[in-house]
Structure formats: C-alpha cells, structure tokens
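The values are calculated or read from the model by the stated rules, or taken from the named source; none is laboratory data. From a predicted model like this one, the values you see are computed outputs, not experimental measurements. Positions of Cβ are generated from backbone atoms using ideal geometry, with glycine treated the same way; all protein chains shown enter the neighbour counts.
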Amino acid sequence: MKSKIRALTLSSQVPRTVLWDSFEYTGAPEDFSWVLPVLPGAVLEESTDAWFETLETVTRTNVTSPLVTCASPSGGGVGCGSSADAGADAAPAGKFYDGGGVMVLHQGTVGPYETVTLRSTDGDALTTWLQGHGYAIPPDIQPTIDDYTSQGDDFIALRLQPGVSVQKMTPVRVVTPGGEFLLPLRMVAAGVAEHVNIVLYVIGEQRYAMPDLHEVSVDPSQLTWTFANNSNNYAELHRQALAKNLGFSYLPAFAYRGGFASSLPGPNGSQARFVVQNSTSYNSYATFADLYFAQAAANDNKPLNGCSSIVPLLNGTRLVTADGRDDTLAATELECEKHTDISAAMLGMHPANVWLTRLELDLPKEALSMDCTVVPADSQATISNQLQAAHANDRPSGCEEIVFESKLARGLPGRGSLVFLVLFGGLLWLRRRGAAC
C-alpha cells in the first residue's frame, strides 16, 4: 500500500490545517489499514477522487515544442508545434478506555471505511490494540509510534468495512484545529523502497516552501523536443534536479494566486481549457472550480451541469467562515451536490487571495526520519507549469527555427555608438547629480 500525502491547506484566520491523503493499494481488502498521528482534536472526513484529479490536471507540467515555420506546398509558411504533458509523476463521539492503557476517543464510519481515534502514552500498548483489532502495523514503524505517543499525539486509524472492495476506496482529509504547518513523513517510511515520490499541493494565502529541504528547479534552456516522436527530456532533467543534495530536495513546479476561480495559463500564452467527459457528453472548463465540480459529476455518472454560481464567490475577498456571520462567506455556499473539498480548503481564507502551489519530491528513505515544516516562501512570484523547449531534434523537413530579429534595430547606430550613448547618458547623470550637491 502506498499512502501519498497530497494536499495541505494552511489557514491563519481560522487556525487549522487540512491534510488530504489518497491511497494506492493492491491486495486483499481485509488487509488494508492506514494509521496517522494527529494533534488532539483532529477529525477525519471523506474526500473525492475528483479533488485529486483536478489538482493534478491543473498543476502538472506541460512542455511544448519550439516554434518553427514550415513551408507549405503553396510556398507559404505556417507556424507549427505540439505539446505533451510531462509531469514528474505526472458515529457518536465518546471517550472510553479499552484496556491496556489505550483510550478510544471516537469510533465510526467515513465513506467505505471503519475509523477509530486513539490516545495512549504507551506506544507498545497502542500497537497491541491496533494489531488486536485487525490493523497491520509493520515492526519497523514501532519506534516512530513510540516517539509520537511520547509527544502527546493521538492516532487516527482506518480500514475498509467488511464486504467493501478496494475499488471503492476514496481519499480522506484530516482536519486539525490549530494544526502545525508540517508534512508528516515519518509514518510514510513503512514499507517504502529506497525512494518515495510525493506530490504535495499546498493551499494558503501565500506561496509556501519547505526549508528543511533544498529548493531546486529545472533549467528551461536545457529542454529539448524530439519531433520524431513528440517527446521531450523534461522527465530526465526533473530526475537530475531532485537527485541534487543527495535527494534532500524539492521542486516548486506550479504556484498561482487566485487560480480556483480565475482562468489558468495554457501553452504559448493561451488560456487553458480542460475537458471532462461522461458516458453521454463532454464539455471544457477554464477554472479549477468548474473543472472540479464537473469531474465530480462525471465520476458520479451525473450530467455535467456544473456549479457556476460558486465561481463568482471564489473571485471575492470575503473571509470564509463556518457560519457566514458579520459579512463573511459561509463555507456551505462553496459546496455543490455534497462535494465539499473546496469549502474545506477555503475555510479561514479569502478565496481570491489563495495560492495553489505544487511541490514535487523524490526523497530517499533516510529523509523520512523527520517531519518537514512548511513556511511562506521568500519569493511570492508565480511559477508557470507551461514550459517551451529551447532546442529541437529531428526537425521536420522544410521547418526552420524562428530566429528573433528586431525591426526596430534597423537603421539604429552600431553597437559601438550605442555603448557610447549609454555611457554618455551616465556621465550626464553624474554631472547633474554633482551639480545638485
């Protein structure tokens, strides 16, 4: 089983964090279990596949070919080019002791899962309780459980309800009042190979970074497009970037402010359009919110009617609160057809000011010995996921590379004269400044 912590919302107005997690699992349904350390007061809620599908679609890197001019049979010229995705991965609440020093804070069901929230000061007792109730706990994770229990953390565990197949598994979200701004990595270490790939989407009123790791980037000047098979070398450049610093690195691949309701950038300066299709129709959408609700409808085999009334609300700056009092925006107004991921993400924030940031990691197992903090980035600049290759292989016959030539440069002084003019202007500025003194 692979548990990929994929999305984290950070709110300062209403102190809380929301951590979304999705699962990749093959095996017998009764063998599936998931355990996460949480701060006291955390609750588990069901999410949707549409949430992660939309996050991936909107933020994954897209590489386009260099612009070329190809001769047509009539002797004219037309621009041509193509693109390819190049993602790196592309119940009632109660408290009772159940013996052995373990307190059961909550039992219930969330979607297809049975869930339980536990508290204990004894890591061995907690593990014994979990194993005795059918939860699989690898032996190598015991020291991590001991450490979390000594810090006073609670634990949320879930498993599939009897008779439910793995095809019914859905993502979940953990809502923590006053939660810490960190990515809990230590529990991910169980059963991983030498490396673990993580795509983390951070949602907050700033662009965020991970200071415990080294920030890296892909150099666009090294991107090469191969016309023979419409491929590119982004994946290899991406791998090389994340391998720096012994793998203790992360790559910000996308960062955009207000992208939940505003149009998103597409290839070559165009506006992005995203297509959703169900069994009877299809439609295209330009905003995250429209795409999310349409994808959720398609997954539920419902008409692609969308929830257009929500987009104007997400373009506003009213604070999103639970009750909508004092001229704030009630979170329930951002829900549609019982799909609540956007409302959960926006609670405590001003929607038009919210950033969506995509951070990509390929961490060595050694890096999973710590939980990584998430803090506002030094730079609050937009990061585009639309890249254009700088070089090309196997250019089609008759297609020439466009070479920039400024028409304004024709008839202007030569380079020597231009340098003289710049220097002369500088001398005039110095003289005027000196005269003013």
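For every residue, the table says whether it meets (1) surrounded by fewer than 16 Cβ atoms within 10 Å (Cβ to Cβ); (2) under 18 Å from the mean Cα position of the chain (by Cα); (3) among the hydroxyl-bearing types (Ser, Thr, Tyr).
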{"site": "Ala289", "(1), (2), (3)": "no, yes, no"}
{"site": "Thr317", "(1), (2), (3)": "yes, no, yes"}
{"site": "Ile342", "(1), (2), (3)": "no, yes, no"}
{"site": "Trp355", "(1), (2), (3)": "no, yes, no"}
{"site": "Arg358", "(1), (2), (3)": "no, yes, no"}
{"site": "Val375", "(1), (2), (3)": "yes, yes, no"}
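If you take the residues of segment 269-287 that are assigned to a loop (DSSP other than H, G, I, E, B) and more than 23 Å from the chain's Cα centre (by Cα), which of them is surrounded by the fewest Cβ atoms within 10 Å (Cβ to Cβ)? Applying the filter and picking the extreme gives Ser279. The residues listed here are Val166, Val196, Val175; of these, the one that is crowded, with 19+ Cβ neighbours inside 10 Å, closer than 25 Å to Thr54 by Cβ and in the same structural domain as Val375 (by TED's automatic domain parsing) is Val196. Restricting the first member to segment 331-354 and to residues that are β-branched (Val, Ile, Thr), and the second to residues that are in a helix (DSSP H, G or I) and surrounded by fewer than 19 Cβ atoms within 10 Å (Cβ to Cβ), the beta-carbon pairs closer than 9 Å and six or more apart or on different chains are Thr340/Thr332. Evaluation of Gly266 against the conditions (1) closer than 12 Å to Leu361 by Cα; (2) modelled with pLDDT under 95 shows that the sole unmet condition is (1). Residues in segment 141-159 that are closer than 14 Å to Val35 by Cα and either surrounded by fewer than 16 Cβ atoms within 10 Å (Cβ to Cβ) or not aromatic (Phe, Trp, Tyr) (or both): Ile141, Gln142, Thr144, Ile145, Asp146, Thr149, Asp153, Asp154, Ile156, Ala157, Leu158, Arg159. In the set Arg207, Arg186, only one residue is more than 25 Å from Val102 (Cβ to Cβ) and under 23 Å from the mean Cα position of the chain (by Cα); that residue is Arg207.
Could you list, in sequence order, all residues of segment 231-268 that are among the aromatic types (Phe, Trp, Tyr), out of contact with any His (no Cβ under 9 Å at 6 or more places or on another chain) and not in a strand (DSSP E or B)? Passing the criteria: Tyr234, Phe260.
Looking at Ala298, Ala322, Ala294, can you tell me which residue is in contact with a Gly (Cβ under 6 Å, 6 or more places away or on another chain), farther than 27 Å from Leu213 by Cα and of a type outside the set (Val, Ile, Thr)? After ruling out the rest, the residue left standing is Ala294. Considering Thr115, Thr109, Thr127, the condition of being of a type outside the set (A, V, I, L, M, F, W, C), out of contact with any strand residue (DSSP E or B) (no Cβ under 6 Å at 6 or more places or on another chain) and assigned to a strand (DSSP E or B) is satisfied by Thr109 alone.
Say whether the condition of being hydroxyl-bearing (Ser, Thr, Tyr), farther than 19 Å from Trp355 by Cβ and crowded, with 17+ Cβ neighbours inside 10 Å is met by at least one residue in segment 243-261. There is at least one residue in segment 243-261 that is hydroxyl-bearing (Ser, Thr, Tyr), farther than 19 Å from Trp355 by Cβ and crowded, with 17+ Cβ neighbours inside 10 Å. Just to be sure before I move on: is Glu53 in contact with a Gly (Cβ under 7 Å, 6 or more places away or on another chain), under 30 Å from Phe181 (Cβ atoms) and modelled with pLDDT of 90 or more in the structure I sent? No: the conditions fail for Glu53.
Run down Ala296, Ala322, Ala344, Ala330 and say which single residue is touching a His at 6+ places or on another chain (Cβ under 8 Å) and not assigned by TED's automatic domain parsing to the domain that holds Ile141.
Numbers: Ala322 fails: touching a His at 6+ places or on another chain (Cβ under 8 Å); Ala344 fails: touching a His at 6+ places or on another chain (Cβ under 8 Å); Ala330 fails: touching a His at 6+ places or on another chain (Cβ under 8 Å).
Exactly one of Ala296, Ala322, Ala344, Ala330 is touching a His at 6+ places or on another chain (Cβ under 8 Å) and not assigned by TED's automatic domain parsing to the domain that holds Ile141, namely Ala296.
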